[in-house]
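Notes to accompany the following structure.
The values are calculated or read from the model by the stated rules, or taken from the named source; none is laboratory data. Values in this document were obtained by computation on a predicted structure and should not be read as measured data. As a convention, Cβ positions derive from the backbone with ideal geometry for all residues, glycine included, and neighbour counts pool all protein chains shown.
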Amino acid sequence: MNNRFWLIFFVMFIITACGGGGGGSSYSGTSGGSISSTLSNLNPTNACKKAWYTSTFPDPSSTNTVFNNYSFFWQQSSFEAMPNCRNVYEATNAITDTGGVDWEDYVKEIVDYSKYTLGQIVPVNIFILGANPTSSVNATEKATYNTDFQTVQARVGSSYASDLANGDIFPIESAGGGYSFEAAPNGADIQLPQALVWGQSGFSNDNEKIQASFKIIAHEYFHVYQNSIKFYNEASKTISIPKTWQSNPNIVNNPSGDPAYFPWWIEEGGADFGAIVLSAKYANTKSGINVSTVINPVQQFEDHFKKAHELFAGDANLKLSSYNLPSSSTPDYAYQVGTAALLYAWYKDERNFNSAMTKYYTDWQEAELNRSGKGFEDAFEDAFWKNNTEYYTLDEFDTEFRTWIRAGDANNRWAIVAKTANQIIHANIEPSTPNTPNSTWKTIAVSAAAKVIDNGGVNKYFIDGIQQKTLVVKAGSNYKFSHGSTHPIRFSTTADGTHGGGVAYTPGVTVISDTEVSITVPNSSTTKTLYYYCANHPGMGGKIKIVEQTSSGSNPGEGGGGGGGGSY
Ligand SMILES: [Zn+2]
């Protein structure tokens, strides 16, 4: 084996294990930046398995003391058009009867569901790999896969050609996913070896395979999400990459002290926490899959929590920060410990659910800019509530969590933080980027049914299977809602609209029929939230968060424009 093989293997190990916060070890700096004006987009149609860049990073669009800020070609794409490519090699669909859906399609559905729940700012190539072990690999497929993978995931810059020529990373021995800063110009990747996902052995029935497979698929997508959104500057919409990483990539993968971006227990515990949530939410939309018995998110959380309890109860010196970096021993319990810690945070404050799903990662770039090297700490303090008015420092949280989890037996502690399946399925996620497709892509189907969580009221609206789901939409875009004729959807700047003492918001709203309504969302610096509500019944609706405003003025229609609420 030549050196190149080991280098690539190392890159894969990192991507596999951590989701590609870093990856690689010999990025050669910003060479060639000066020629960016001559760079052409090599993949203007956002085709799958195709690179946008090869031999050089583009020039940063701006720079500051900490980051080079990039605007890559594919950032011209809308949220709706951001690709999730599904590239299949030698995979079979031996298990095809579950819910009547092929497993390759489950991959696509789970990834798309996650996209429409979290938002997505980078293109993703998903590689579904069949043959395992190596001896059964078809040589042609192997060569094709290696070429395709390296085409989009080789380190952009002077290493690109040699990575492309020498990459040999098939078969993959574990699932992986992420967004590597060295391949950042070409988007993210997910690796799903069939033998380790739906083809895995060791389970007593298909339900166990489904539970594990859904979680793995969602876990790898979550790595893409957390590791791409961490680079994102929401204000400038740039992908911001630390200069120190570019000049010394080793500090990302082999930090000698603090983690370079997230503590490992958040990286992996966060991905498992997110995956259990996302797989339960997705499964809830599928007929034929009983979320409580098949996905059983409560049991998945309990298993992780009790393992963490066992570890902390058994070692008085253990801290969360003991899991700040990947473990050199196997298994690595950062997954369980991190999940347990985030469950504790959720128990402490409902808002911390969203902190665990998106806000911590969203806040990292801004925190890192303010205090380089401490983004992992300061983003935590930006995101996680300690009580009604104060946030935790990471150290405070670590101390409180480890004291608390040791203060009772496993069942006692678990009973305090446990959530029901419905609480998990219906917990609201509010990402910082759009998560709702516009009308050209999808009509938002809204159903009304009896409430499953929360108090008060009778029927509630459900969107994507989520009770009173918060929608995150793009300012100025068009959205169409379909609804039952007895529960007409209207909009308001006041929660619950006319039932909440407000009026209907009418600018840009068209009542198409008694079962459809559309809205052109205001592009206004002052109207950043609307609420959807039922014109006939109180308490059914939810929130619409408006992001990506391009107008600095207020919407001319707001304020007095909303008369006649409930009159149509
Ligand atoms: Zn992971």
Within the range 300-334, count every residue that is farther than 30 Å from LYS374 by Cβ and among the aliphatic types (A, V, I, L, M). 1
Restricting to the range 188-207, and then to whatever is modelled with pLDDT of 85 or more and over 30 Å from TYR70 (Cβ atoms), can you tell me which residue is surrounded by the most Cβ atoms within 10 Å (Cβ to Cβ)? PRO193
Answer with yes or no whether ASN69 is assigned by TED's automatic domain parsing to the domain that holds THR244, at pLDDT 95 or above and either over 24 Å from the mean Cα position of the chain (by Cα) or not in a helix (DSSP H, G or I) (or both). yes
Residue under evaluation LYS230, criteria (1) at pLDDT 90 or above; (2) away from the ligand (no atom under 16 Å from the Cβ), criterion not met: (2)
On the given criteria, is LYS281 away from the ligand (no atom under 14 Å from the Cβ), crowded, with 24+ Cβ neighbours inside 10 Å and over 30 Å from ASP163 (Cα atoms)? yes
Hey, ILE289 hits all of (1) out of contact with any Pro (no Cβ under 8 Å at 6 or more places or on another chain); (2) crowded, with 24+ Cβ neighbours inside 10 Å; (3) in contact (Cβ under 8 Å) with a residue 60 or more places away in the chain; (4) not acidic (Asp, Glu) but one; which does it fall short on? (2)
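Go through the range 112-146 residue by residue and tally those that are part of a strand (DSSP E or B) and at pLDDT below 80.
Counting residues in the range 112-146 that are part of a strand (DSSP E or B) and at pLDDT below 80 gives 0.
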For the structure I just gave you, tell me whether ILE251 is buried (at least 23 other Cβ atoms within 10 Å of the Cβ) and in contact with a helix residue (DSSP H, G or I) (Cβ under 8 Å, 6 or more places away or on another chain). no
List every residue pair whose Cβ atoms sit under 7 Å apart, with the two residues 6 or more apart in sequence or on different chains, where the first one lies in the range 259-279 and is over 16 Å from LEU325 (Cα atoms) and in contact (Cβ under 8 Å) with a residue 60 or more places away in the chain and the second, anywhere, is of a type in the set (Ser, Thr, Tyr) and within 13 Å of the ligand (Cβ to nearest atom). ASP272/TYR335; ASP272/THR339; PHE273/THR339
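State yes or no: is ILE210 more than 16 Å from the ligand (Cβ to nearest atom), among the β-branched types (Val, Ile, Thr), under 25 Å from the mean Cα position of the chain (by Cα) and at pLDDT 85 or above?
Values: more than 16 Å from the ligand (Cβ to nearest atom): yes; among the β-branched types (Val, Ile, Thr): yes; under 25 Å from the mean Cα position of the chain (by Cα): yes; at pLDDT 85 or above: yes.
Spelling it out, ILE210 is indeed more than 16 Å from the ligand (Cβ to nearest atom), among the β-branched types (Val, Ile, Thr), under 25 Å from the mean Cα position of the chain (by Cα) and at pLDDT 85 or above.
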If I go through the range 157-169 residue by residue, how many of them are over 26 Å from the mean Cα position of the chain (by Cα) and part of a loop (DSSP other than H, G, I, E, B)? 5
When ALA165 is evaluated against the numbered criteria (1) more than 16 Å from the ligand (Cβ to nearest atom); (2) of a type in the set (A, V, I, L, M, F, W, C); (3) more than 22 Å from TYR145 (Cα to Cα), which criterion, by number, is the only one it fails? (3)
